[in-house]
Amino acid sequence: MTTAVSRPAQAAQSTPPPPRDSLPRECTFDPGDWAILAQHWYPVALSREIGDSPVSVRLLDEPLVVYRANGQVVVANDICPHRGVPLSRGFSAGDGGGIRCAYHGLRFGEGGLCTDVPAHPAAKIPARLNLRDYPVVERYGLVWTCLRPSEEAREALGSPAIPAMAHWDDDGFQQITCPSIDIAAFAGRQLEGFLDVAHFGFVHLDSFGDPDNTEVPDYQPVRHERGFSVDYWSTASNYGHGSGKVAPPGFKWLRHFDVHLPFTATLVVHFPGGGRLNIMNAASPVSALTTRMFAPIARDFDTDQPVQGVYDFNRTVFEEDRAIVEVQKPENLPLDPRLEVHIPADRSSIAYRRGLRDLGLSHFFTA
């Protein structure tokens, strides 16, 4: 059963639900919630995975096709306007010229424009054959898009509301974009798990957790325009098991979390000796119960080491989290604070849920 939580009246009035015919055909979100979430930017693919051939992705239940045309990434609805065949079933048009539909070979290039109709090569191409495309920004090795951008966002693509990531462009830092991870859970549940500081010694026993160091020192979230930030100090180590590295006795690790609502957060870990590791957790909502998690990483140590070790350790950590997140009930994230019991270690979780309520979100689909 879905439990509804009233959204603030002002937020509900400022973002009316979209018409039913503008929602994805198999939408798993409440229409009002979908309208709010669709205004935000999310990653949908790794830049290195997008070439001239079409790639199928899904965002907020909307099927999308992603491809390159003359070096530019295109994100559009995954449907040919001619006879409704998914364009992700198509193929590269060659020479950077975009993609062709698998049914009648219609070619689509930059901006989703139809540039060739093989059945009528000399005829004028009607504008209705062009694809419905979406704004695109490549950043942190990811392809970001927005399904319902404001006019301001469309006019200012140089600085869209994409989360900031400290150190990504700093000298001496290595840029690593890990493979994505698919999670059978709601994006809000996944991100809340990333922010949780009380589970290290219980969930992450194969990666870095210490079952003998589970006490959570006091901390306080600080709200800002896009969400909130947290400075969390503790003696819980971030060194991976088997790394052979040990922190000095009594060393206080600083973990700086920064949350960009609704589903992105970064974590900067301060290592002994001054090293920095920044991990972005970008939870892209495929549907209300499916998430594709992207994790760009910037670090200024071990930069001469193969990135496969980073991929493997990152996968171990997030697989440990996935095993927990996928079995949480209810599947949605209860935004009414009375629906679950809280402890002092949950301050980040409480701040996160409050932030989602402040966006105007009411409730999320529950199976």
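Residue 245 contributes an accessible area of around 90 Å² to the protein surface, as traced by a 1.4 Å probe with all chains present.
With the simple model of a label 7 Å out from the Cα in the direction of the Cβ, residue 26 to residue 82 spans 2.6 nm. Rounded to the nearest 0.05, the FRET efficiency derived from the C-beta distance between residue 239 and residue 150 at R0 = 30 Å is 0.10.
Report the net charge of residues surrounding residue 73, where surrounding means a beta-carbon distance below 13 angstrom and charges are Lys +1, Arg +1, Asp -1, Glu -1.
Once positives and negatives cancel, what remains is -2.
Solvent-accessible area of the chain (1.4 angstrom probe, protein heavy atoms only): carbon and sulfur portion equals 50 percent.
Rg/Rh for the chain stands at 1.00; both radii use Cα atoms, and Rh follows the Kirkwood definition.
At 1.4 Å probe size, with every protein chain present, just tell me what the per residue accessible area of the chain comes to in Å².
The answer is 47 Å² per residue.
Here residue 245 is the anchor, and the aspartates and glutamates within straight C-alpha reach of less than 13 Å, apart from those fewer than 8 places off in the same chain, are 302. Provide the percentage of antiparallel DSSP beta bridges, counting only those with both residues in the chain; round to the nearest 5. Close to 100 percent. May I ask for the distance between the Cα centers of the stretch 239-309 and the stretch 65-90, given as a whole number of Å? A separation of 34 Å, based on Cα centres. Note on residue 354 and residue 329: the model spin-label points, each 7 Å out from Cα along the C-beta direction, lie 3.0 nm apart. Each label point was placed 7 Å from the Cα along the Cα-to-Cβ direction; for residue 336 and residue 72 their separation is 4.9 nm. Net charge near residue 139: determine it from the other residues with C-beta under 14 Å of the C-beta of residue 139, scoring Lys and Arg +1 and Asp and Glu -1. Taking every other residue near residue 139 into account, the sum is -1. Using a cutoff of 8 angstrom between alpha carbon atoms and counting only pairs six or more residues apart, the relative contact order for the chain works out to 20 percent. Normalised by the number of residues in the stretch 177-225, the mean separation of alpha-carbon contacts (under 8 Å, six or more apart) gives a relative contact order of 22 percent.
Could you compute the net charge surrounding residue 265? Neighbours are other residues with a C-beta less than 10 Å from the C-beta of residue 265; K and R count +1, D and E count -1.
-2
The values are calculated or read from the model by the stated rules, or taken from the named source; none is laboratory data. Quick caveat, the model's predicted, so the values are computed rather than measured. In this analysis, Cβ positions are derived from the backbone assuming ideal geometry, glycine residues included, and neighbour counts consider all displayed protein chains. We work out accessible area using only protein heavy atoms, side chains counted, and drop any ligands, DNA or RNA first. Shrake-Rupley method; radii C 1.70, N 1.55, O 1.52, S 1.80 Å.
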